[in-house]
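Q: Attaching a single structure in structure tokens format; questions to follow.
Readers should treat all values here as calculations from the given coordinates under stated rules, not as data from a laboratory. Treat the numbers as computed from the prediction; the structure is a model and nothing was measured. Glycine gets a Cβ as well: all are built from the backbone with ideal geometry, and neighbour counts include every protein chain shown.
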Ligand SMILES: NC(=O)c1ccc[n+]([C@@H]2O[C@H](COP(=O)([O-])OP(=O)(O)OC[C@H]3O[C@@H](n4cnc5c(N)ncnc54)[C@H](O)[C@@H]3O)[C@@H](O)[C@H]2O)c1
């Protein structure tokens, strides 16, 4: 159901399933770069009209209804799909254990595009079911691995050609959330899935290569046999030393990458982005040192969420391909599952 705007460019209708943190409330976090929720990002795009939302939590839904004037609300997606004309975009932002059910229901509603929160699903079997259904119905699905859309990560991807041959790539995620325990597979409440999907995705995207056959070291399990630390080492055609390290016993949250080339280095993560190149050393005669590249100016906002929504619009306009397709996110899930097998 596309509407027409004044300047005659199409307005795409959108509906949201899941009005929780990423669906809605993170949009009010003053410390985060905004928009930081699907609601705010959809409302912020002039080419989109947010027409409805569904949530099984009546409080979340009532708060959302108060904020998004004129939109309809429903206590289930089924009720929503039965009540409104099929929107152009359906965003699925429910908890991991409902990704498959809600994504399959969204596919059945046949929108022109689905935006699915990461990770695709609880496991790659469920993800394959989503892919098969999407394929059959001809419904494209993009996954919100938002760093792919952020200005700083895009700058890093471009800057890779300035740092020579890659020597190492380190990706790190430190938090207090458990890394993995079999008992958490049913609800997906473990960091390997939750956050690991971001790490694997951004490294694969930056290198434009698949990660596979990890050597896993540094596995630390707590007294309940729950994995709290590990490092997974990979080799790719462009870099012989790619490491993903995660901690689930840190009393802080940190996400970052350190990419070392033969002529430079890129350090970027949540809250920082630094680009270095070799320059004649100020410290030692006849040597080169790494020096911060002053020619790099990053915009104040990375645009990680609004650019993702813009990609959806550009895709529907047939101007752009999906920059975070379902297929890539399924590959990410498979890498996480390969790592998981080494924990036993
Ligand atoms: N891209 C990111 O960086 C990012 C950040 C946070 C969360 N997420 C992902 O977004 C998803 C949601 O996380 P959250 O933190 O917003 O969780 P949340 O619990 O705050 O919100 C989820 C909402 O979905 C609703 N819900 C659950 N099942 C439903 C169903 N079947 N039908 C309708 N509503 C349903 C819940 O009632 C809740 O309001 C997760 O997959 C999470 O991994 C992604």
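Q: Using only the alpha-carbon atoms of segment 261-329 as identical scatterers, what base-10 log of I(q)/I(0) does the Debye formula give at q = 0.13, 0.16, 0.19 Å⁻¹?
A: At q = 0.13, 0.16, 0.19 Å⁻¹ the computed log10 ratios are -0.62, -0.77, -0.88.
Q: Still on this structure: Can you tell me the order of 165-172, 9-16, 83-90 when each peptide is scored by its average per-residue count of other Cβ atoms within 10 angstrom, highest first?
A: 9-16, 83-90, 165-172
Q: Please report how far the C-alpha centroid of segment 208-235 lies from that of segment 5-84, rounded to the nearest whole angstrom.
A: With segment 208-235 and segment 5-84 each reduced to a Cα centre, they are spaced 37 Å.
Q: If we count other beta carbons within 10 Å of each Cβ, what is the order of 236, 91, fewest first?
A: By the 10 Å Cβ count, ascending, the order reads 236, 91.
Q: Using 0.36 nm per residue, how much length does the chain from residue 161 to residue 344 gain when fully extended, once their Cα-Cα distance is taken away?
A: 62.0 nm
Q: Same structure again: Treating the angle as unsigned and between 0 and 90°, give the value, to the nearest 10°, between the Cα long axis of helix 196-207 and the longest Cα principal axis of the chain.
A: 70 degrees
Q: I've got another one for you. Got a sec? Which residues in segment 45-59 would a label at residue 110 touch, if it sits 7 Å along Cα→Cβ and we count backbone N under 15 Å?
A: none
Q: May I ask for the distance between the Cα centers of segment 160-199 and segment 92-109, given as a whole number of Å?
A: Distance between centres, Cα-based: 23 Å.
Q: On to the next question. Work out, step by step, the length gained on full extension between residue 58 and residue 208: first 0.36 nm times the residue separation, then minus their alpha carbon distance; give nm to one decimal.
A: Gain on extension, residue 58 to residue 208, equals 49.8 nm.
Q: Using Cα springs under 10 Å in a Gaussian network model of the chain, which residue among 224, 301, 49 shows the largest mean-square fluctuation?
A: In the Gaussian network model the winner is 224.
Q: Mind grabbing the base-10 log of I(q)/I(0) for the chain at q = 0.07, 0.08, 0.12, 0.15 Å⁻¹? Debye formula, identical points on the C-alpha positions, no solvent, two decimal places.
A: Taking Cα atoms of the chain as identical point scatterers yields -0.31, -0.41, -0.89, -1.30.
Q: Mind sorting 143, 335 by how few other Cβ atoms lie within 10 Å of their own Cβ, fewest first?
A: The order, fewest Cβ neighbours first, is 335, 143.
Q: Here is a follow-up. Along the Cα→Cβ direction, 7 angstrom out, place labels at residue 101 and residue 287. What is the inter-label distance in nm?
A: 6.1 nm
Q: If you don't mind, another one. Under 8 Å for C-alpha pairs, at least 6 residues apart: give me the relative contact order for the chain, rounded to a whole percent.
A: 17 percent
Q: Also, I was wondering about something else. Mind giving me the nanometre distance, one decimal, between the label points for residue 272 and residue 183, set 7 Å out from Cα along Cα→Cβ?
A: About 3.7 nm, to one decimal.
Q: Kindly put 239, 267, 103 in sequence by how many other C-beta atoms sit within 10 Å of each C-beta, fewest to most.
A: Lowest count first: 267, 239, 103.
Q: How much length is gained if the chain between residue 222 and residue 151 is pulled fully straight, taking 0.36 nm per residue apart and subtracting their Cα-Cα distance, in nm to one decimal? Spell out each step's value before the answer.
A: Details: separation 71, 0.36 × 71 = 25.56 nm, distance 3.80 nm.
Additional length available on full extension: 21.8 nm.
Q: Apply the a/c threshold of 1.5 to the C-alpha gyration tensor of segment 151-299 and tell me whether it is rounded, prolate or oblate.
A: Numbers: a/c = 2.15, a/b = 2.06, b/c = 1.04.
Judged from the Cα gyration tensor, segment 151-299 comes out prolate (a/c at least 1.5, a/b above b/c).
Q: Next question, about the same structure. What distance in nm separates the two pseudo spin-label positions at residue 253 and residue 31, each 7 Å out from Cα along the beta-carbon direction?
A: Between residue 253 and residue 31, the label points sit 0.8 nm apart.
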